[in-house]
Amino acid sequence: SRAITGPLYLQIRLHSTTNQPKFGFALDIDGVLIKGNRVIPQAQRALRLLNGENASGKKIPFVLLTNGGGVTEEKKAAQMSRKLDMDILPSQIVLSHSPMRSLVKKYKDTPVLVVGGRERSCKDVAEQYGFQRPIQPDDIHHWEKSVWPFRRVTDDEAYEAQKRYDFSREPIEAIMMFHDSRDWGRDLQIMMDVLRSKNGMIGTQKTDYSVQDTPVYFSNPDFLWSNEFPVPRYGQGAFKTALEAIYKRHTGKELKSTSFGKPHRATYEYAEKILTSLLPNNTPLQRVFAVGDNPAADIAGANAYGWTSILVRTGVFDGKGNSSEFPAKLVCDDIEEAVHWALNEEG
Ligand code: G3P
Ligand code: MG
């Protein structure tokens, strides 16, 4: 290797930087590392390769870049560490809603409707990001049970109940979908109640829809995603399709919304920052290998961002060749094959 000259402190820093691999990985979770609650067997071997059990003996930086979410990055890191039996740090986790921290400065103090997830998990995420007034559909349903007369919401399901808000006087400033809805019918109804209301006042309705008062933000465009069931499941992208159809039918207008998550650029810019922060002195990355199972999300996003896309056959995609619509740089059977190929590429 090249002799490193100059003052010792510089040699050490250069040495550590010079020796640091200048490439990294962005690994998708569902359909690549796990399928629902089942760990994909090759995942642990692949991550051990990245954690130093490779020819160079060096740790290769990687992030888990998922359109999943509904929990804090800390909780996801703990979940994945347990499932994969290795230490995954919160700083290595990019969730569908992670880049939505950027919305806090605009909506910090105003009521926002946070949709999706189990119980109050998405409210916890929103509050941890800095949103002071995240409201969930459960809270609105508990406030006025006739909003959705088909089932009840118990006190312990409605987390604003103890504050007894009157949502007819609390304007909802924005709608943010942080994870998959657990009750499409009710959540579509409540989201439309806000979108058709006068300035976000639930229970009112306007007649002129030429201006959409309430911004809508989605965190995950996935129309399909893969779990243990042999056929992919509908994701948040399918829910968005349903909301758009109802909005169009009821108002005659197209729903305007902003989407985060793969394949959108904002998510890759955020993930690149996170991945770079894992390198000493933020050494710039020369190459990122992005491994995913969903051509429309993982491959389209990586290709557009200039990363090396690797498609695996353990999730949504199960074709023999490459995806015709979003062709990857390489198609592998699984993540272990993908990591071996990439490490070989980097020598
Ligand atoms: O809800 C999770 C699903 O949309 C896909 O997640 O990890 O494959 O991006 P992932
Ligand atoms: Mg996936």
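What the table shows:
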read-out: Some residue of segment 329-344 being among the β-branched types (Val, Ile, Thr), touching a residue at least 24 places away in the same chain (Cβ under 8 Å) and either in a loop (DSSP other than H, G, I, E, B) or surrounded by 17 or more Cβ atoms within 10 Å (Cβ to Cβ) (or both); value: yes
read-out: Those residues of segment 112-131 which are part of a loop (DSSP other than H, G, I, E, B), in contact with a Phe, Trp or Tyr (Cβ under 9 Å, 6 or more places away or on another chain) and open to solvent by 20 Å² or more (accessible area, probe 1.4 Å), in sequence order; value: GLU119, ARG120
read-out: Pairs where the first residue, in segment 294-321, is more than 11 Å from ligand 2 (Cβ to nearest atom) and at pLDDT 95 or above and the second is open to solvent by less than 10 Å² (accessible area, probe 1.4 Å) and among the basic types (Lys, Arg), C-beta under 6 Å, 6+ apart; value: GLY301/LYS262
read-out: Number of positions in segment 212-269 that are in a helix (DSSP H, G or I), among the basic types (Lys, Arg) and within 21 Å of the chain's Cα centre (by Cα); value: 2
read-out: Helices (runs of 4 or more DSSP H) wholly inside segment 24-111 containing at least 1 residues that are within 16 Å of ligand 1 (Cβ to nearest atom) and out of contact with any helix residue (DSSP H, G or I) (no Cβ under 8 Å at 6 or more places or on another chain); value: 73-84
read-out: Filtered residues of segment 258-291 (kept if surrounded by 19 or more Cβ atoms within 10 Å (Cβ to Cβ) and over 18 Å from PRO99 (Cβ atoms)); value: PHE289, VAL291
read-out: Search result, residues across segment 294-313 that are touching a Ser or Thr at 6+ places or on another chain (Cβ under 8 Å) and either within 12 Å of ligand 1 (Cβ to nearest atom) or of a type outside the set (S, T, N, Q) (or both); value: ASN294, PRO295, ASP298, ILE299, GLY301, ALA302, LEU311
read-out: Residues within segment 183-210 that are part of a loop (DSSP other than H, G, I, E, B) and either under 23 Å from the mean Cα position of the chain (by Cα) or within 27 Å of PRO99 (Cα to Cα) (or both), tallied; value: 3
read-out: Complete set of residues in segment 24-58 that are modelled with pLDDT of 95 or more, hydrophobic (A, V, I, L, M, F, W, C) and open to solvent by 10 Å² or more (accessible area, probe 1.4 Å); value: VAL39, LEU49
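The values are calculated or read from the model by the stated rules, or taken from the named source; none is laboratory data. Given the structure is predicted, the values throughout are model-derived calculations rather than measurements. Methodologically, a virtual Cβ is constructed for each residue, glycine included, from the backbone with ideal geometry; neighbour enumeration extends over all protein chains shown. Just the protein is used for accessible areas: all its heavy atoms, side chains included, with ligands, DNA and RNA removed. Shrake-Rupley method; radii C 1.70, N 1.55, O 1.52, S 1.80 Å.
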